[in-house]
Amino acid sequence: MDKPFAITLDVNSSLANKTGTWRVERPRYLDRLPPCNNACPAGENIQGWLYHAEEGAYEEAWRVLVEDNPLPAVMGRVCYHPCETACNRVQVDEAVGINAVERFLGDEAIARGWELTLTAPPSGKRVLVVGAGPAGLSAAYHLRRRGHAVTIYEAGQLPGGMMRFGIPRYRLPRDVLQAEIDRILALGVTLEVGRTVTDVAATMAGDGFDAAFLAVGAEIGKRAYLPAGDSARVFDAVSLLRGMEGAEPPMLGRRVAVYGGGDTAMDAARTARRLGATDAVVVYRRTRDRMPAHDIEVEEALEEGVQMKWLSTIKEVGDSRLVLEKMKLDEHGFPQPTGELEELDADALVLALGQESDLRLVHGVPDIVVDDGVVQVGPTMMTGHPGVFAGGDMVPGDRTVTVAVGHGKQAARNVDAWLRGAHHVPAARHELVSFDMLNTWYYADAPKTVRPQLDLARRTSTFDEVVSGLDETTALFEARRCLSCGNCFECDNCFGVCPDNAVVKLGPGKRYAFDFDYCKGCGICVAECPCGAIVMEPEPT
Amino acid sequence: MPMQPVKFYQTGSFVVGNRLLGEDERSVQADARRTNSLNSGHRACQGCGEALGARYALDAAMRATNGKMIAVNATGCLEVFSTPYPETSWRVPWLHSLFGNAPAVATGVAAALKARGRSDVRVVAQAGDGGTVDIGFGCLSGMFERNDDVLFLCYDNEGYMNTGVQRSSATPPAARTATTEAVGPEPGNAFGQGKNMPLLAVAHEIPYVATATVAELRDLEYKVERAMAVRGARYIHVLVPCPLGWGSASNDTIRLARLAKETGLFPVFEAEHGEITSVSKIRRRQPVEEYLRPQSRYGHLFGSSPRPDIVDRLQAMADRNIRRFGLVDDDTDGSADPGGR
């Protein structure tokens, strides 16, 4: 034996000692559903596109984004971003400015001329889309990308629907809107304007369509009966906003009252201010916290000098004065009249009491159910009539651009499946990540980059865009504030913190694996994973 | 601030890796080709802080010396769990010593290298708190005063853990060990005893002294690299939680190290030639109770007959550290981003 003094065994590595046998629990990598993705009405993979934006790979980020939503520059301006409300970062400092980054990507795409691509072979099927608003455009885009021939019949002279005729220019410049619509049309979607559909079944049969998606919106302003003098000037908000797109802006006068508490009421009041009204007063029968308008709209309206009359209804409309009645909320939160009257000087009254759809096109079509002024659809967005789908403001749901885009996508998937005689099965959803699954120690503290706002004086007198965008560095910074909740972003923490070197690094984009020969199941990797992408489970027996 | 500014990315420089940094800017531990100085198959307990600390420190030293390094190891947990005959977990040139003489052995290795003209090969010595603060203290003090060219690493788990959790002079007040039981009016380890080894090292006025924890990898790696760039006696004191001796959950090892620093109980600083040159500020200040509660060695302070008076005394120690070392910035409340933007 050729060994040193007192040595009888060869030197061995401790690798012979498989400490994995000590384990009673084992870690497992998993993907969880981030709250932003969960909250997005358009079903965007927000975390997915932020991941690319973090690297400065903006085109890649944009391509992931438009997989779900073909209107990012519009969305980045008009979406009420429920994603940011849901964002886990709220509990660290402030929500990630997802909407601002989305807008940056949308604007980059327009500036750099990135184009949408078509890969699916032609299906030989023809689909009719009625209405070129957000739902219709979204459906047309998603159907076209699945190889179908798509024709949009739009009753008006220009596409865009409420994005053009409802949302004021100071929130959505028309060149941005047009650029994103043009990009969809460039995919080979046919748009026919000035085509009013009066009977969808007849149109489909007559023009040879295999399926239809209806998205005519809700463009008729609701009226309320108000005793009014002969010369009283009463407008409805939808017509007012639509009139802004004409050659001559409507004449409202110096003192304008707006009746209602939704986003349209805010838009109308802010538009009135821009048209020269010194007093723009919103009259609403409940309190601010019960207003259907989104907070940001109310905030911006107040900043621009719009006044609010809470707990008031209009009793009578005179020539230059309104009679208001004070209300109070009962124990159920409903406003009840008090009999107490007051007067408000107003040259014009704008009614913003909600909108209705013109549903003539489905009258007489068998099995289509209209209830409460909207068309009833199933989870596939199909009406009771086979092959006829509907979405947007004409079906039940929140009336926002984002919801409409989501309807369009959802309908397109199901139209596609229906045309192939199949059934669209949505992918299984991962478990939602909650804040307590994160280890936020690892995230650097950084406040949200606030989009610079035009100064107030300027914005109340012009229709320039109110909120301007992020530049490259601020957008990058904002994207990097993402916590990547529930999905590994390859921070190497598990690889670094394992006392037993039992985590194997698989290389960029490939994440990690556990070496169960040596993993003792201590759980440090789970505790120190910033984003909650590892769980401990009992050792299988 | 002892951390290099890195481009802001979700996690600043808190996590181990960062996909947006160049390879050379990432931590040693993020590198799939790191030395793994302490290999898999070692017999440390689940969630051992010392095993983690030793790999962090030696891997960083290996990178700093380009692999030209000899490690001397005192007896203690670290040796027992890494080298049961005939196996070894060490993937670095490694030399066993007695419990108390690791500094002297390291001095000898450094002298031998010098005699052979191998100034390119560097020497580190490592020991637990028992081997450093108690048994090896005389040798270590000598190594310091002679300014021998050795980096001495102490992995402080605050007791003699592998022999059954006995008190050392690094065991904190009120902690229960096998030799300081939780009985009587002053349960656990006595107040007013023990040594503050990092400050004793500073008092020797050696070229470099630092403290660190296993919770802040970037900081620890920076300090090891810094130490290897200096000749003469250097000392780094690393706090390494011990699930066995502290009675904590195995997955809490890093969290407890972080809380030790964030409460102020374990000040993290650097000193050169007897003067403190930088401190790591507290980022999210916590009351000591957050740190004490998860550890059963402090269980007698809570539970059915709690001792808030003793918790207050421990809090006073933390507050004193915060004052003494300036651990909280008044203007930033300690929440600044150490990673820079």
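How large is Rg over Rh for segment A:380-515, taking Rg from the Cα atoms and Rh as the Kirkwood inverse mean of 1/r across Cα pairs?
Reported Rg/Rh, Kirkwood definition of Rh: 1.12.
Kindly provide the helix-only [θ] at 222 nm of chain B, computed as the sum of -39,500 (n - 2.57) over DSSP H runs of four or more divided by all residues, to the nearest 500 deg cm²/dmol?
It comes out at -9000 deg cm²/dmol, rounded to the nearest 500.
Based only on other Cβ atoms within 10 Å, what is the fewest-to-most ordering of B:TYR235, B:TYR208?
B:TYR208, B:TYR235
Would you kindly state how much longer the chain becomes between A:ARG429 and A:ASP515 on full extension, computed as 0.36 nm times their sequence separation minus their alpha carbon distance, in nm to one decimal?
Length difference between fully extended and current span is 28.1 nm.
Could you tell me the relative contact order of segment B:23-325? Use alpha-carbon pairs under 8 Å, at least six residues apart, and round to a whole percent.
Relative contact order, segment B:23-325: 17 percent.
Could you give each residue of segment A:328-342 its phi-based ³J(HN,Hα) in whole Hz, using Karplus coefficients 6.51, -1.76, 1.60 with θ = phi - 60°, and x for Gly or Pro?
3J(HN,Hα) across segment A:328-342, in whole Hz: 9, 7, 7, 5, 8, x, 8, x, 10, x, 10, x, 8, 10, 8.
Along the three principal axes, how long is segment B:23-325 when you take its alpha carbons, biggest first, rounded to the nearest angstrom?
Extents along the principal axes, in whole Å: 63, 43, 41.
So what is the calculated 222 nm ellipticity per residue for chain A, using -39500 (n - 2.57) for each DSSP H run with n of 4 or more, over all residues, to the nearest 500 deg cm²/dmol? Before the final figure, lay out the partial values.
Details: 18 runs with 156 residues, N = 541.
Helices in chain A give a 222 nm mean residue ellipticity of -8000 deg cm²/dmol.
Once you treat every alpha carbon in segment A:193-250 as an equal point and sum by Debye, what is log10 I(q)/I(0) at q = 0.22, 0.27 Å⁻¹?
One equal scatterer on each Cα of segment A:193-250 leads to -0.97, -1.17.
Considering Cα pairs under 8 angstrom that are at least six residues apart, work out the relative contact order of chain A and quote it in whole percent.
Relative contact order of chain A: 22 percent.
In Å, what Kirkwood hydrodynamic radius results for segment A:1-153 from the alpha-carbon pair distances?
The answer is 19.6 Å.
Suppose R0 equals 30 Å. What FRET efficiency, 1/(1 + (r/R0)^6) with r the Cβ-Cβ distance, do A:ALA16 and B:LEU95 give to the nearest 0.05?
After rounding to 0.05, the efficiency reads 0.85.
Short version: ³J(HN,Hα) in whole Hz for each residue of segment B:118-132, in order, from phi by Karplus 6.51 cos²θ - 1.76 cosθ + 1.60 (θ = phi - 60°), x for Gly and Pro, what are they?
Each residue's phi maps through the Karplus curve to give 9, 6, 6, 8, 9, 10, 10, 10, 9, 7, x, 5, x, x, 9 Hz.
Express the C-alpha Rg of segment A:72-113 as a ratio against the empirical globular expectation 2.2 N^0.38 Å, rounded to two decimals.
Rg over 2.2 N^0.38 Å, computed on Cα atoms: 1.27.
Can you give me the Kirkwood hydrodynamic radius for segment A:316-403, using every pair of distinct Cα atoms, in Å to one decimal?
Values: mean 1/r = 0.0595 Å⁻¹.
Across segment A:316-403, the inverse of the average 1/r is 16.8 Å.
List the residues, sorted by chain then number, that are 5 or more residues from B:GLY128 or on another chain and whose placed amide H is less than 5 Å from its amide H.
B:TYR155
Once amide H atoms are placed 1.01 Å from N in the peptide plane, what residues at a sequence separation of 5 or more from B:VAL268, or on another chain, have their amide H within under 5 Å of its amide H?
Distant-sequence amide H within range of B:VAL268: B:SER280.
Out of residues 5 or more away from A:LEU324 or on other chains, whose amide H comes under 5 Å of its own, with H placed 1.01 Å from N in the peptide plane?
For A:LEU324, whose amide H was placed from the backbone, the distant partners under 5 Å are A:LYS315, A:GLU342, A:GLU343, A:LEU344.
Give me Rg over Rh for segment A:226-353, both radii from the alpha carbons and Rh done the Kirkwood way, two decimal places. Don't skip to the answer; put the middle values down first.
Values: Rg = 14.0 Å, Rh = 14.6 Å.
Dividing the radius of gyration by the Kirkwood radius yields 0.96.
Over segment B:133-184, what lengths in whole Å, largest first, do the semi-axes of the equivalent ellipsoid take, defined as the square roots of 5 times the eigenvalues of the alpha-carbon gyration tensor?
Numbers: eigenvalues 163, 21, 15 Å².
Value: 29, 10, 9 Å, ordered largest first.
Which helices of chain B meet both criteria: a Cα extent of 18 Å or more along the helical axis and a mean Kyte-Doolittle score no lower than -0.5, with helices taken as whole DSSP H segments? It would help to have the intermediate numbers written out before the result.
Numbers: long enough: B:49-64 (22 Å, 0.14); B:102-115 (19 Å, 1.30); B:308-325 (25 Å, -0.66).
Taking the DSSP H segments of chain B (at least 18 Å long, mean hydropathy at least -0.5), we get B:49-64, B:102-115.
May I have the convex hull volume per residue, in Å³, for the Cα set of segment A:30-105?
So the per-residue Cα hull volume is 95 Å³.
Taking θ = phi - 60°, what integer Hz values does the Karplus form 6.51 cos²θ - 1.76 cosθ + 1.60 yield along segment A:310-320, in sequence order, with x for Gly and Pro?
3J(HN,Hα) across segment A:310-320, in whole Hz: 7, 6, 9, 10, 9, 8, 7, 10, x, 5, 9.
Eigenvalues of the Cα gyration tensor times 5, then square-rooted: what semi-axes does that give for the protein assembly as shown, in whole angstrom, largest first? Numbers along the way, then the final one.
On the way: eigenvalues 911, 200, 110 Å².
Sorted largest first and rounded, they come to 68, 32, 23 Å.
No value in this document is a laboratory result; all are computed from the given coordinates. Everything numeric in this text was worked out from a predicted model, so none of it was measured. Positions of Cβ are backbone-derived with ideal geometry, glycine not excepted, and every protein chain shown enters the neighbour counts.
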